[in-house]
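Derivation of every value follows stated rules applied to the coordinates shown; laboratory data play no part. Please read these numbers as outputs of a predicted model, since none were measured by experiment. Heads up, the Cβs are rebuilt from the backbone with ideal geometry, glycines too, and the neighbour counts pull from every protein chain shown.
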Amino acid sequence: MSVIFAPDWLRGKAQVNQETIQRLLEENDQLIRCIVEYQNKGRANECVQYQHVLHRNLIYLATIADANTGSLAKAVESLPGGWCEQ
């Protein structure tokens, strides 16, 4: 089961940290490998469930990335040496 599945009472309360993101990336790697393996064996119908979980994980990661773009931009602007031209 995906690490992003959580009961309704926990949703929105979990701390998103580097460890959680890394677990999702590793899980996505494994999901992609399973999907490719099933497709190579001609069993495309069996990989649909893995594609759904992969899609959910990717949407979750994209949501985290979108939510953090503002703080990332501020961090880049504060870097010394003119990393961010305005």
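Extension gain for residue 26 to residue 64 (0.36 nm times residue separation, less C-alpha to C-alpha distance): 12.0 nm.
Using alpha carbons only, the radius of gyration of segment 21-74 set against its Kirkwood radius gives Rg/Rh = 1.15.
With both labels modelled 7 Å from their Cα along Cα-to-Cβ, the residue 52 to residue 33 distance reads 2.4 nm.
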